[in-house]
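Input: a single structure, listed below in structure tokens.
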Amino acid sequence: MKRLATALSLLALAAAPAAEAQLSPNYTITTNFTAAGSNERGVAYGAVGGNERIYMSSKNGGTFVYIYDAASGAFQNTAGSGAGSLDVTGISGGFTALNDVEVTDDGAIYGCNMTTSHVSSAFKCYYWSGESAAPAAVAFTGLPTTGTVRIGDKVRVTGSGTDTYIWLVSPAHAGPPVVPVQLFRCKASSATAFDCTNHDLSSVGVAGITNGSASPNPGSTTSVWVNGNGVLPRLVTIPAVGSSGAATLVTNIPATQLGGGAGTGNNSIYAFKNDAGDSTYVAIYEYSSGVYQRGRIVNVTPIVNSGTNVGVYSWGVTASGGAITSSGFGDITLRPITVPATRKGDSTPAAAKAAAAAYDVIVLAPNNGMVSAQTSNGSLPVELVNFAGVASGSTARLS
């Protein structure tokens, strides 16, 4: 039995999380950034028209969606409208006319405004079928029609085609009338029409949230990560697609696995899986007053698999993007670094994401630049799910 105990101890040691890694830097983008004003608010990676791109929304001197090469970070100054930006003809309204930008798995581009009161100044999104296309307005059903509802600080878009979803979080408003903190799940009925369901977040511990963000677990439409200024990131569940209803808390990421003191200096969340598909991670934009704007990757597999945050750990962080903005207006996106498509037998963007051997983590740091860093030169680790051992004579048999 001594050999069995020793073997189990060694196996447990081998399975223990490694120390938090510093992600390998790739490049820093500073073109089109301003030194003040937090004019750069949203960033997205996407494979569009055969090109791997990074898109950044900016309100410096107008409304823009700037285009960069995802591999090198080079500004594509002749792409899009011919001036390195998507066509923004007709885009208007809201507190910020174009606050965030996202790309679907099949290369459609969406950009959305931010409004401090959706009822009096509507939340708007726009659709581009490609970089040279004009924007088309998106129609929404199911969003609130009364009260002061702030929408659009952070937008997450997932899926493709009529399985495209737009995910939004709205903070509470004291009224009158009183409006609770809410999650909106909006499903496409066409490229320019979305039907939304409303999910009250009042009972999941996110009171006071600002700059709220939501990202579903990969492959799910009812298991959703939520974070934002002032709260710990947490997993919630919501009713099936087509049904509204209050969210239910699973649990939160422990503050000990996050930066910023209490761990509440974070917003913008992005859930993804490792190469093997057996572990779930979240990438988070993290800020702390006067210290850093950076990305953090946290292994959240225990929460997803068993609803416990025991064993959740911070896997790695990027370098700082520079001195932070006062309200933490930043964003984060991921670029999958793919293995050959034949490994999965499919070359579609969704399959490429599933086959990613590593990721570039791209952090938008307003007033400073964008930092790109790579998770590793190989796969994110395969996590040990369980093990067992039995004595067999003088040896130990492990499984």
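Can you give the FRET efficiency for residue 76 and residue 34, using 1/(1 + (r/R0)^6), R0 = 22 Å, r = Cβ-Cβ distance, to the nearest 0.05? Kindly include the intermediate steps, with their values, before the conclusion.
On the way: r = 19 Å, r/R0 = 0.89.
About 0.65, to the nearest 0.05.
Give me the number: length gained by fully extending residue 83 to residue 129, i.e. 0.36 nm times residue separation minus the C-alpha to C-alpha distance, one decimal in nm.
Numbers: separation 46, 0.36 × 46 = 16.56 nm, distance 1.81 nm.
Net length gain for the segment: 14.7 nm.
Spin-label model, residue 122/residue 106: points 7 Å from Cα along the beta carbon direction are separated by 2.5 nm.
Here residue 88 sits with roughly 40 square angstrom of accessible surface, probe radius 1.4 Å. Annotation: for a label point projected 7 angstrom from Cα along Cα→Cβ of residue 305, residues of the stretch 194-229 with backbone N closer than 17 Å are 218. Entry comment: accessible area of the stretch 145-212 is 35 Å² per residue, from protein heavy atoms only and a probe of 1.4 Å.
The values are calculated or read from the model by the stated rules, or taken from the named source; none is laboratory data. Since this is a predicted model, take the numbers as computed values, not measurements. Here Cβ is always computed from backbone atoms with ideal geometry, including for glycine, and neighbour counts include all displayed protein chains. SASA here: full protein model, heavy atoms, side chains in, ligands and nucleic acids out. Shrake-Rupley method; radii C 1.70, N 1.55, O 1.52, S 1.80 Å.
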